[in-house]
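Any read-out appearing in this document is the output of simple, stated calculations on the displayed coordinates, not a laboratory observation. Computed from a predicted model, the values in this text were never measured in an experiment. A quick note on method: Cβ atoms are made from the backbone with ideal geometry, for glycine too, and the neighbour counts reach across all protein chains shown.
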Amino acid sequence: MITRRTFIKTGIAGATLLALAAAFQRPLDRAGKQALVAGNPLDASLATVVRAVAPVILQGAFPAGEPQRALARERIARDVATAVSALGAGAQQEVAELFALLAFAPTRIAVAGVATAWDQAGASEIEAFLRSWQHSRVDLLKSGYQALHDLVLGAWYADPQNWGAIGYPGPPSLGR
């Protein structure tokens, strides 16, 4: 039988969790809506997530030299933004919320397990985050991983500058 003390403690813990969830939800909603209102579903602060995870997702395919790596990060961030802007409004909102969740420090730490800022996070920390989401029991986290993975790979392989590295000559010409 449940005691009154246990009932009160459970009620207080539940109320605290709801208050925390509401406090975190406002900044996330605001970040996602601001990105969509600005016409860019991936604003500068959210692009840092793509710049950080891209080299880890593309291990082995990413350029070796730092100047080339920096240019590749910028191109991927730009191309992911282009891909997201081509999605429907509902999908854009979901992707904006995903990046807002990952960019917001408290939720980045709680949900992704990445304690440092994205631009300072090490490859092993990012790889652990990606692997934990990929193999999570929570379907929402698996979907988040899949979205990150597909957006980064899609942006990388859609860029003609990367085709030579994989031996793809480009689409056939339809000369008349």
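Here the 3J(HN,Hα) profile of region 56-67, calculated from phi with Karplus coefficients 6.51, -1.76 and 1.60 at θ = phi - 60°, is 6, 5, 9, 3, x, 9, 6, x, 8, x, 4, x Hz, Gly and Pro shown as x. The packing ranking of peptides 131-143, 114-126, highest mean first, is 114-126, 131-143, where packing means the average number of other beta carbon atoms within 10 angstrom of each residue.
Peptide packing: for 83-92, 62-71, 47-56, 148-157, the average count of neighbouring Cβ atoms within 10 Å per residue gives the ranking 47-56, 148-157, 83-92, 62-71, highest mean first. In angstrom, the C-alpha Rg and Dmax of region 89-141 are 11.6, 34.
Between residue 61 and residue 9, the modelled label-to-label distance comes to 5.2 nm, taking each label 7 Å out from Cα in the direction of the beta carbon. Here the contact order of region 74-150, divided by its residue count and restricted to Cα pairs under 8 Å and six or more residues apart, works out to 16 percent.
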